[in-house]
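**Q** Quick one: the structure is below, and I'll ask about it shortly.
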Ligand SMILES: Nc1ncnc2c1ncn2[C@@H]1O[C@H](COP(=O)(O)OP(=O)(O)OP(=O)(O)O)[C@@H](O)[C@H]1O
Ligand SMILES: [Mg+2]
């Protein structure tokens, strides 16, 4: 086993996030995608026929759909050079003790904070394509909350999955949702019964660990009437030289009066294409909050969406993106007012350095007759140097007059004066810049669970190192 | 606070070489010339500030006072084309602003900048610990106590500590916050650039009291102001008149009164004659 002593933890970005373990893979499909591979995946998982059919139908859609010409540059993805399914071990560990040492070492090196270990009973951690450890805290089980990996969800709660799967993000939504629908593996299935308030965040760790391996996790969250859940997804990925594709789908259903918060901090390595479709349907008086942080990847295209289906529904999207050299973060959000008297907010903060590129891309749609809707969009960009770039694409499709739509956008640079002010108090240049950046994203960082806010700040500090000069 | 002019001269008793460093002038500006782009703004200034002294610099708008202040603190925008700035006997030409702050230099800005998302407490904790250095970091409890004490000194509400630095502060609050920072950092040299402007009468007294409480035998102060009023509260030992990038007159507190009465006209004439 290629296990290194943990002493080199934290010595630098590559050591901390760029390692990879070797040799736990039990099965690896061949590279490329065709209907036989899709059938094999489904068969290996002993899936019901309807899911096999769903996958095969999705594959046809994927093959038919053109590659999007907007957003980022997708021309370099070689779909034949990707593994679409990797399975690390035969069975899931039901307890922490069952999890193989090597994988524990991986989590050690990811630096999952001690504070979170006490929540381990509620942690679903994904290693490669499949969840290797997934357990439920006992009181969650007593409350009737289901928190499983998606494959397990399908096995154990087929009726619920069948009712909702693909109803929020249909395979035909876009090329990558079609791809995910064909080859999905892993991800989480969360079901919160009516009136249940889940008081610890449900967390999952994702990690791509096989060269040229695509990761296609699929998450489905159903919050019944009056319930509450906070789901947290964090990713780090090892560094590889060839391109990797990560294409997830997240579907969330927020029923009457329920509230769901979904937090992501993605830090994929700088060769990953991160093309994710995240969408919620929010029903009467329900609230959906997306907190979406994008630091890693070569290209991210991700626009968490809220479809506000009934009066009183609220959608809030907080998006923060950091693009360094060679990165393009095309992120934002969508609010679709499909019912009158619904409310939406999109706040986006982006930071670019060393020719990195960020784009805010957002859509606010208000259908005719949807009176009394309110939406506020705010996007701020911070450029750390002259070579960096930021663009704004705020699409507004407003087909009703009796609404309130506001939009603000700012672009700023770290000013010499601001830097001099901090430095005149004894603060070194690197720290002063990091401070300005941390301050810039503070409105979003303060919405994160504490460990994630700390992690976000630490990642930004790592990103900021070497940006002086 | 009375200061005997004897204090402003090095003691005759110094004879050991080793003492020279320790007893050198706190701040010595020698024939300083400063350019903004290609335009000369500061045109040859000589000035010595010793420990325990308060120097006031007065002069018309645009005469280069803030340029001098920023240059002393090491603002990269201003180019020193000739002359030297010695702090504690050491030429600071190659030091960045943070290094100068670590030596004990401080500038209270005429126009303090805001840093959105960074709280006063967080900013000051970082600043205090940077100045103290990694070995001498202040324990959090001690920091909080010190911050509360200094907030009280400047009659600032505790809630100010949680506000983002200068963001949405009123003009007067910004000036108070500058002196709060000075009180927290306890510099050896404080350059105050028009700290009195924008303060109402009560606030002026509070700020002046705050500054006075920081004065002592180890602190040197360079006070840039337009108004005699501040000098009623903070008594200067020396007053300098700066016109067109030069100090054209120096004297005691009476010089400020003369200026208040007669304005700069006479000095501007003298400056023209001198060229
Ligand atoms: N950043 C700058 N860019 C261009 N010119 C500048 C800059 N800063 C100062 N100057 C110029 O330098 C000259 C001196 O300005 P400075 O701010 O030092 O004057 P001051 O004596 O502080 O004036 P005041 O009493 O109005 O504060 C002015 O002509 C001013 O326009
Ligand atoms: Mg000035």
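**Q** Tell me, yes or no, whether region B:254-262 has at least one residue that is away from chain A (no Cβ under 14 Å), within 16 Å of ligand 2 (Cβ to nearest atom) and in contact (Cβ under 8 Å) with a residue 40 or more places away in the chain.
**A** No - not one qualifying residue is present in region B:254-262.
**Q** What single numbered condition from (1) within 12 Å of residue A:260 (Cβ to Cβ); (2) at pLDDT 95 or above fails to hold for residue A:305?
**A** Going through the list (1) within 12 Å of residue A:260 (Cβ to Cβ); (2) at pLDDT 95 or above, residue A:305 breaks only (1).
**Q** Another question, then. Identify, from the list B:204, B:199, B:231, the residue that is without any contact (Cβ under 8 Å) to a residue 40 or more places away in the chain and touching a helix residue (DSSP H, G or I) at 6+ places or on another chain (Cβ under 6 Å).
**A** Of the residues listed, the single one that is without any contact (Cβ under 8 Å) to a residue 40 or more places away in the chain and touching a helix residue (DSSP H, G or I) at 6+ places or on another chain (Cβ under 6 Å) is B:199.
**Q** What is the number of the single condition among (1) touching a helix residue (DSSP H, G or I) at 6+ places or on another chain (Cβ under 8 Å); (2) more than 14 Å from chain A (Cβ to nearest Cβ); (3) without any contact (Cβ under 8 Å) to a residue 40 or more places away in the chain that residue B:52 does not meet?
**A** Condition not satisfied by residue B:52: (3).
**Q** All but one of (1) within 14 Å of another protein chain (Cβ to nearest Cβ); (2) buried (at least 19 other Cβ atoms within 10 Å of the Cβ) hold for residue B:154; which doesn't?
**A** Exception for residue B:154: condition (1).
**Q** If I filter region B:214-238 down to residues being more than 13 Å from residue B:57 (Cα to Cα) and not in a loop (DSSP other than H, G, I, E, B), which single residue comes out as nearest to ligand 2 (Cβ to nearest atom)?
**A** Ranking the qualifying residues of region B:214-238, first place goes to B:229.
**Q** Can you tell which of A:421, A:452 is touching a residue at least 24 places away in the same chain (Cβ under 8 Å) and either within 18 Å of residue B:119 (Cα to Cα) or surrounded by 20 or more Cβ atoms within 10 Å (Cβ to Cβ) (or both)?
**A** Result of the check over A:421, A:452: A:452.
**Q** Give the residues of region A:193-219 that are under 13 Å from the mean Cα position of the chain (by Cα), at pLDDT 50 or above and closer than 17 Å to residue A:262 by Cα, sorted by residue number.
**A** Across region A:193-219, the qualifying residues are A:203, A:204, A:205, A:217, A:218, A:219.
**Q** Okay, next question. With the requirement that a residue be crowded, with 21+ Cβ neighbours inside 10 Å, more than 15 Å from ligand 1 (Cβ to nearest atom) and closer than 17 Å to residue B:268 by Cβ, what does region B:220-255 give you?
**A** Result: B:239, single match.
**Q** Among the residues of region B:170-196, write down those that are over 15 Å from residue B:214 (Cβ atoms), touching a helix residue (DSSP H, G or I) at 6+ places or on another chain (Cβ under 7 Å) and free of Cβ contacts under 8 Å to residues at least 60 places away in the same chain.
**A** Once the filter is applied, which keeps residues that are over 15 Å from residue B:214 (Cβ atoms), touching a helix residue (DSSP H, G or I) at 6+ places or on another chain (Cβ under 7 Å) and free of Cβ contacts under 8 Å to residues at least 60 places away in the same chain, region B:170-196 yields B:172, B:196.
**Q** So, in region B:39-61, of the ones that are part of a loop (DSSP other than H, G, I, E, B) and within 15 Å of ligand 2 (Cβ to nearest atom), which residue ends up surrounded by the most Cβ atoms within 10 Å (Cβ to Cβ)?
**A** Among those that are part of a loop (DSSP other than H, G, I, E, B) and within 15 Å of ligand 2 (Cβ to nearest atom), it is B:59.
**Q** In addition: Against the condition buried (at least 17 other Cβ atoms within 10 Å of the Cβ), outside any loop (DSSP other than H, G, I, E, B) and within 13 Å of ligand 1 (Cβ to nearest atom), how does residue B:86 come out, does it pass?
**A** Against the criterion (buried (at least 17 other Cβ atoms within 10 Å of the Cβ), outside any loop (DSSP other than H, G, I, E, B) and within 13 Å of ligand 1 (Cβ to nearest atom)), residue B:86 does not qualify.
**Q** Now, a different point. Take the residues in region B:62-83 that are near ligand 1 (Cβ under 8 Å from one of its atoms) and more than 14 Å from every other protein chain (Cβ to nearest Cβ), then tell me which one is surrounded by the most Cβ atoms within 10 Å (Cβ to Cβ).
**A** Result: B:68.
**Q** Given (1) more than 10 Å from chain B (Cβ to nearest Cβ); (2) farther than 21 Å from residue A:352 by Cβ; (3) exposed (fewer than 15 other Cβ atoms within 10 Å of the Cβ); (4) modelled with pLDDT under 90, identify the lone condition not met by residue A:446.
**A** Failing condition for residue A:446: (1).
**Q** Considering each residue of region B:89-116, count those that are touching a strand residue (DSSP E or B) at 6+ places or on another chain (Cβ under 9 Å), within 12 Å of chain A (Cβ to nearest Cβ) and either part of a helix (DSSP H, G or I) or exposed (fewer than 15 other Cβ atoms within 10 Å of the Cβ) (or both), and give that number.
**A** Final tally of qualifying residues: 5.
**Q** Further question on the same structure: Can you pull out every residue in region A:31-71 that is in a loop (DSSP other than H, G, I, E, B) and crowded, with 20+ Cβ neighbours inside 10 Å?
**A** The answer is A:33, and nothing else.
**Q** Exactly one condition in (1) away from chain B (no Cβ under 14 Å); (2) without any contact (Cβ under 8 Å) to a residue 24 or more places away in the chain is false for residue A:427; which is it?
**A** (1)
**Q** Continuing with the same structure: Inspect all residues belonging to region B:192-211 and state whether any of them is closer than 20 Å to residue B:67 by Cβ and either within 14 Å of chain A (Cβ to nearest Cβ) or away from ligand 1 (no atom under 16 Å from the Cβ) (or both).
**A** yes
The values are calculated or read from the model by the stated rules, or taken from the named source; none is laboratory data. A quick note: this is a predicted structure, and the numbers were derived from the prediction, not measured. Cβ atoms come from the backbone with ideal geometry, glycine included; neighbour counts cover every protein chain shown.
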